[in-house]
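Working notes, beginning with the structure itself.
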Amino acid sequence: MAFMGMVIGAVAIAVLLFFAGLMLLSFLIAIILKIVGKAKDSKKVKTAGNVFVVLGIVFALPLIFVAGYAIFTAAFVKVELPDGKKVYELSSNYYKMIDLAEDGSRDSLDELDRLLDKHPNLIYCRDANYRSILDYGVSNGNAGLVELAIEHGAVFDDPARYDMMSYVKSSMEDFMNELYQREITDDDIEIISLMFEEGASTELYLPYGSQPGYSNIFGEAVWIVMYNDYETELEITDNDLKFLNVFIDNGYSEDPELITVRDVPSNYMYPDGYYQDIRQDANYSELMSLTGLK
């Protein structure tokens, strides 16, 4: 697909260069003919010069169209609204929104709130990876950004993103994948609570042949709190327990296929040494009680 795109791009550039060459040649011939026609006072030569002027303009039209299109696409971004209608927003406002979302500070969120009040359609803008500012908030663990995005019309499990995804199919699953890379924070607990409040999908996408050690979203949550900080000493934090309790409070409290690394040879699913033993303290004991593990 990428190769075909490169071929099409090369052909398009070659065609534009061809038209540019014809345009320049036509105008050059027109200038010469007009000079000669004036010097010899020849009406025919002058007329021929006018013909080449017209040809030059004709050959210039595709270049003018492409230049105009490039300027327009640089100045505006196309936004598809939930009802399928397409509108345009200034690119400068879009990039400002992204910068504020990536900053994520309280002041930036206040400014972002004002920007979205003035330009409400910006909330439906997406980057090249189909991510909205809601997805930025989820990925970065910024509960304030997630709440702001929802207040302005963003929704979890938006088909505009997840219909395009191959490895995850919902906002919650996307969020859980992010949590494997970091310790759980207060913001993460707020985000998962908000997902349940907003009715986000809890369906787990398990590709054929995968053996993750769990079969539903609760099982994955258990794995996250047990193994998400594997680069440091493994331990169950207070936030880990709060995070897991959000699932339990919403009716997800068991996974019949849940196993841990210690239940199978370490090289069955993961390389040797990928995980180490978890600190067996009071929080660990509470985790065992909550999950029914031993």
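The values are calculated or read from the model by the stated rules, or taken from the named source; none is laboratory data. Just so it is clear, the structure is predicted and the values come from calculations on it, not from any experiment. Note that each Cβ is placed from the backbone with ideal geometry, even for glycine, and that neighbours are counted across all protein chains shown. SASA here: full protein model, heavy atoms, side chains in, ligands and nucleic acids out. Shrake-Rupley method; radii C 1.70, N 1.55, O 1.52, S 1.80 Å.
Its DSSP H runs of at least 4 residues, each contributing -39,500 (n - 2.57), put the calculated 222 nm mean residue ellipticity of the chain at -19500 deg cm²/dmol, to the nearest 500.
Relative to the longest principal axis of the Cα atoms of the chain, helix 43-75 runs at roughly 10 degrees. Sorting ASP186, ASP135 by solvent-accessible area of protein heavy atoms yields ASP186, ASP135, largest first, with a 1.4 Å probe. Among the trypsin sites (Lys or Arg not before Pro) within the stretch 1-103, those in coil by DSSP and having at most 15 neighbouring Cβ atoms inside 10 Å are LYS85.
Apolar share of the accessible surface for the stretch 1-158: 67 percent from carbon plus sulfur atoms, 1.4 Å probe. Solvent-accessible surface (1.4 Å probe) assigned to THR260 amounts to roughly 0 Å². The angle between the Cα long axis of helix 186-197 and the longest principal axis of the Cα atoms of the chain comes to about 80 degrees, rounded to the nearest 10. Between ILE13 and GLU203, residue separation times 0.36 nm minus the direct Cα-Cα distance comes to 63.8 nm. Remark: spin-label model distance ASP238-VAL87 equals 4.5 nm, labels positioned 7 Å along the Cα→Cβ axis. Straight-line cross-link reach from LYS78 at under 29 Å between alpha-carbon atoms covers these lysines, not counting any fewer than eight positions away in the same chain: LYS86, LYS96, LYS118, LYS169. Using alpha-carbon positions, what is the distance between the centroids of the stretch 136-150 and the stretch 115-135, in Å? With the stretch 136-150 and the stretch 115-135 each reduced to a Cα centre, they are spaced 12 Å. Listed by chain and number, the aspartates and glutamates whose C-alpha is less than 15 Å from the C-alpha of LYS43, apart from same-chain residues fewer than 8 away, amount to an empty set. Here the Gaussian network model covers the chain, with springs between Cα atoms less than 10 Å apart; of ALA282, ALA60, ALA221, ALA60 fluctuates the most. Excluding ligands, DNA and RNA, the accessible surface per residue across the chain is 58 Å² with a 1.4 Å probe.
Which of SER92, SER108, SER26 moves most in a GNM of the chain, Cα contacts under 10 Å? Highest fluctuation among the options: SER26. Helix 282-291 versus the longest principal axis of the chain: what angle, 0 to 90°, nearest 10, using Cα atoms? Long axis of 282-291 versus the principal axis of the chain: about 80 degrees. With each label modelled as a point 7 angstrom along the Cα→C-beta vector, the ALA39-ASN177 pair spans 7.1 nm. The charge dipole of the stretch 47-115, taken about its Cα centre with unit charges on the Cβ atoms of Lys, Arg (+1), Asp and Glu (-1) only, comes to about 520 debye. Loop-resident GluC sites (Glu not before Pro) (DSSP state other than H, G, I, E or B) in the stretch 139-222 with no more than 16 further Cβ atoms inside 10 Å of their Cβ: GLU183, GLU198, GLU203.
Using Cα pairs closer than 8 Å and at least 6 residues apart in sequence, work out the relative contact order for the chain, in percent. The value is 10 percent. Run the 1.4 Å probe and let me know the accessible area of ASP107, rounded to the nearest 10 Å². The accessible area comes out at roughly 120 Å².
The modelled label-to-label distance for the pair THR185/ALA282, using points 7 Å beyond Cα in the direction of Cβ, is 2.7 nm.
Between PHE247, PHE52, PHE196, the GNM of the chain built on Cα springs shorter than 10 angstrom shows PHE52 fluctuating the most. Each of ILE31, ALA75, VAL246 was placed along the dipole of the chain (beta-carbon charges, centred on the mean Cα), and the one lying farthest toward the positive end is ILE31.
This model, with +1 at the C-beta of Lys and Arg and -1 at the C-beta of Asp and Glu, gives the chain a dipole about its Cα centre of some 4000 debye. For the chain, the residue among PRO159, LEU293, ILE57 whose Cα projects farthest onto the positive side of the dipole built from Cβ charges is ILE57. Which of the following values of P(r) over Cα pairs in 5 Å bins from 0, in percent was calculated from the structure shown: [x] 1, 5, 9, 11, 11, 10, 9, 8, 7, 6, 5, 4, 3, 3, 3, 2, 2, 1, 1, 0, 0, 0; [y] 1, 5, 8, 11, 13, 13, 12, 11, 10, 8, 5, 2, 1, 0, 0; [z] 1, 6, 11, 16, 20, 18, 14, 9, 4, 1, 0? Of the labelled values, this structure produces [x]. For the stretch 70-96 versus the stretch 177-194, the spacing of their alpha-carbon centroids is 31 Å.
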